[in-house]
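Q: Sharing a structure here in structure tokens format.
The values are calculated or read from the model by the stated rules, or taken from the named source; none is laboratory data. For clarity, every value in this text was computed on a predicted model and none was experimentally measured. FYI the Cβ positions are ideal-geometry reconstructions off the backbone, even for glycines, and counts take in every protein chain you see.
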Amino acid sequence: MTQTDATAAAASVQGPVLVTGGTGKTGRRVVARLRELGVETRAASRSGETPFDWADPTTWQAALDGVTAVYITPLDASPSPTPAFVEQAVASGVRRLVLLSARGVDVPGYFGPAYEDGGPHGEGERAVRASGVTWTILRPGWFSQNFSEGVFLDGVRDGELALPTGDGRAAFIDADDIADVAVAALTEDGHAGEEYGLSGPRALGIADVLDEIAKETGRRAAYVPVDASAFRAGLVADQGFTDQEAGLWTDALEPITTSREAPVLDGVRRALGREPRDFADFVRDAAARGVWG
Ligand SMILES: NC(=O)c1ccc[n+]([C@@H]2O[C@H](COP(=O)([O-])OP(=O)(O)OC[C@H]3O[C@@H](n4cnc5c(N)ncnc54)[C@H](OP(=O)(O)O)[C@@H]3O)[C@@H](O)[C@H]2O)c1
């Protein structure tokens, strides 16, 4: 679709679009793109322009009033608040839902033993499918932006990234691609009932990632592979995680360790008719913004 076609399709969107997680890695990008297309957009979160707290359902209706489409960045909590929100959204007049889920949600145990049935993402997907309105589900793997604005950033900046991921590899997906797919699903026809598995075009180990960043910045962080149980204990001792949080977090990294995140998925091509951005493109842009100093 050309930019002119995209703008014309977006112009036909009736009513404002609500973006939950509107300040987050994908939501912020979805908000920016929708506004560029001239779509009235509410950026909602606890600190966003539109107040919205997953933990406080009394904040939901004001955000939903008049809205016809929602991009759902869910809260990773058990039980998930997404089913109750979806019910309220549909009752409020929402006709289109685009859900940010995760790769592996359909693979039993992918996120570890605590989440046999896909965990909160599984709950969210089931609610969206049963909603009776138009829906699209996005299933990205680990984001490239974890290294530039997420959980791995401090390690990269500090020169040492310690993870229990061994020689495992992942086809990291650029949040800009996720946002492009989300905006297409929110504003165009042709994405109803689609489940888009989203990855980048090639798999990299953590050491490869740090090499790519070093090539661009001249600053090399070391990858320190650590044992999973030591990593988990360190999260509790050094970072104030509860034992349960540390367990979930360690489990979440296992699909990288086992390279289950490595196979390249075709969702970006199916949704957008183009290939996903390469990790090197992500590194070049993030380095130009000075995120690694
Ligand atoms: N990061 C990855 O590699 C990855 C991969 C696959 C799937 N996912 C999934 O993507 C989702 C978002 O992850 P992310 O890494 O993109 O997170 P993120 O960048 O931290 O964004 C989270 C967003 O949710 C908002 N938020 C947090 N708690 C909230 C609450 N109680 N009520 C309302 N809004 C709240 C935050 O804004 P405020 O702080 O202003 O509220 C922020 O806008 C998660 O469900 C995660 O499982 C992530």
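Q: Taking only pairs six or more apart or across chains, which ones have beta-carbon atoms under 6 Å, a first residue in the range 174-185 that is within 11 Å of the ligand (Cβ to nearest atom) and of a type outside the set (D, E, K, R), and a second residue that is modelled with pLDDT of 95 or more and assigned to a helix (DSSP H, G or I)?
A: If the second residue must be modelled with pLDDT of 95 or more and assigned to a helix (DSSP H, G or I), the pairs left are Ala175/Arg29; Ala179/Arg29; Ala179/Val30; Ala179/Arg33.
Q: Read through the list (1) within 14 Å of the ligand (Cβ to nearest atom); (2) part of a helix (DSSP H, G or I); (3) within 28 Å of Glu149 (Cβ to Cβ), then give the number of the only condition that Ala6 fails.
A: (1)
Q: In addition: Could you grab me the full set of residues in the range 31-52 that are over 18 Å from the mean Cα position of the chain (by Cα), crowded, with 17+ Cβ neighbours inside 10 Å and closer than 16 Å to Thr73 by Cα?
A: Thr41, Arg42, Thr50, Phe52
Q: Taking the stated definitions as given, is Pro57 touching a helix residue (DSSP H, G or I) at 6+ places or on another chain (Cβ under 8 Å) and surrounded by fewer than 21 Cβ atoms within 10 Å (Cβ to Cβ)?
A: yes
Q: I would also like to ask the following. Among the listed residues Val107, Val98, identify the single one that is more than 11 Å from the ligand (Cβ to nearest atom), among the β-branched types (Val, Ile, Thr), crowded, with 20+ Cβ neighbours inside 10 Å and not in a helix (DSSP H, G or I).
A: Val98
Rundown of residues vs (1) small (Gly, Ala, Ser); (2) in a loop (DSSP other than H, G, I, E, B), yes/no style:
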residue: Leu34; (1), (2): no, no
residue: Arg42; (1), (2): no, no
residue: Gly48; (1), (2): yes, yes
residue: Pro74; (1), (2): no, yes
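Q: Moving on. Tally up the residues in the range 81-92 that are closer than 18 Å to Val19 by Cβ and either in a helix (DSSP H, G or I) or touching a residue at least 40 places away in the same chain (Cβ under 8 Å) (or both), please.
A: 6
Q: Counting just the residues of the range 25-45 that are of a type in the set (Lys, Arg) and in contact with a helix residue (DSSP H, G or I) (Cβ under 9 Å, 6 or more places away or on another chain), which one comes out farthest from the ligand (Cβ to nearest atom)?
A: Taking the candidates together, the pick is Arg33.
Q: Kindly establish whether Gly66 is more than 8 Å from the ligand (Cβ to nearest atom) and part of a loop (DSSP other than H, G, I, E, B).
A: The answer is yes for Gly66.
Q: Return a yes/no flag: does the range 127-137 have any residue that is under 16 Å from Leu186 (Cα atoms), in contact (Cβ under 8 Å) with a residue 24 or more places away in the chain and near the ligand (Cβ under 9 Å from one of its atoms).
A: The answer is no; no qualifying residue exists.
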